[in-house]
1. Translational D (Stokes-Einstein, µm²/s) of the chain at 10 °C and 1.306 mPa s when Rh comes from the Kirkwood sum over C-alpha pairs?
2. Ranking request for peptides 59-67, 158-166, 47-55, 111-119: highest mean number of other beta-carbon atoms within 10 Å first, then the rest in descending order.
3. Given Cβ point charges of +1 (Lys, Arg) and -1 (Asp, Glu) and nothing else, what value in debye, to the nearest 20, does the dipole of the chain about its Cα centre take?
4. Filter 5/61; 5/137; 5/73 down to the pairs with a C-alpha to C-alpha distance above 32 Å, please.
5. Just to be sure I understand: with springs between alpha-carbon atoms less than 10 Å apart, which residue in 44, 152, 57 has the highest mean-square fluctuation in the Gaussian network model of the chain?
6. How large is ³J(HN,Hα) for each residue in segment 153-167, as worked out from phi by the Karplus curve 6.51 cos²θ - 1.76 cosθ + 1.60 (θ = phi - 60°), to whole Hz, x for Gly and Pro?
7. Have a look at segment 87-167 and give its Rg and Dmax from the Cα atoms, expressed in angstrom.
8. Given only helices, namely DSSP H runs of n ≥ 4 each adding -39500 (n - 2.57), what is the per-residue ellipticity at 222 nm of the chain, to the nearest 500 deg cm²/dmol?
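Computed from the coordinates by the stated procedures, all read-outs in this text should not be read as laboratory data. In this text, all values refer to a predicted model and were calculated from it rather than measured experimentally. Here the Cβ positions follow ideal geometry from the backbone for every residue, glycine too, while neighbour counts run over all protein chains shown.
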Amino acid sequence: MSQLKYLSAYPAHLKQQVQELIRQEKLGPMLKRRYPDIHQIRTDKALYEYAMALKSDYMRKSAPISKVIYDDKISVTRDALGLHTQIARVQGNKLKSKNEIRIDSVFKQAPEPFLRMIVVHELAHLREKDHNKAFYKLCEHMEPDYHQLEFDLRLYLTYLDQFGKLY
């Protein structure tokens with residue numbers, strides 16, 4: 001089951017089911033049935049607008065975001081789908097900070113719910129730095145199907161790892 005690195009924290013019976021879907025060549029068709037279309041958010045500008053719309057809907061009072069971009073340097077192999085960074089700079093006698101969100105560019109060609117889940121995850125880090133109960137509660141507030149999408153995203157990444165592009 002070494003080929004299931006994205007599912008390592010899940011119970012053995014789930015991993016066995018995924019293993020069986022892979023063996024029967026049903027994982028790809030199942031994902032395509034659940035998520036038939038990929039999004040059209042291809043540019044950094046469109047991604048920024050997408051993230052800002054979510055932020056406006058759910059987190060108006062949180063810190064501002066200066067940049068949201070697709071990043072080729074982030075890699076799912078480094079266990080990062082997206083990154084939230086806070087950059088602090090001294091300007092005169094003031095300390096200014098800027099928040100940036102970077103999304104792995106592999107998600108330029110992915111279903112919109114997966115992109116949404118990653119953006120929601122990174123937005124939640126504006127308020128909660130750690131992956132604690134409050135963090136996941138905020139994620140679920142912004143995306144009620146957060147945990148199912150996270151699991152399905154891990155299935156999608158497993159598929160990409162095993163077979164390459166799905167769409």
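1. 93 µm²/s
2. The peptides rank, most packed first, as 111-119, 47-55, 158-166, 59-67.
3. 480 debye
4. 5/61
5. 57
6. Each residue's phi maps through the Karplus curve to give 5, 5, 5, 4, 5, 4, 4, 4, 4, 7, 10, x, 3, 9, 10 Hz.
7. Cα-based Rg and Dmax for segment 87-167 come out at 16.0, 54 Å.
8. So the calculated ellipticity at 222 nm is -15000 deg cm²/dmol.
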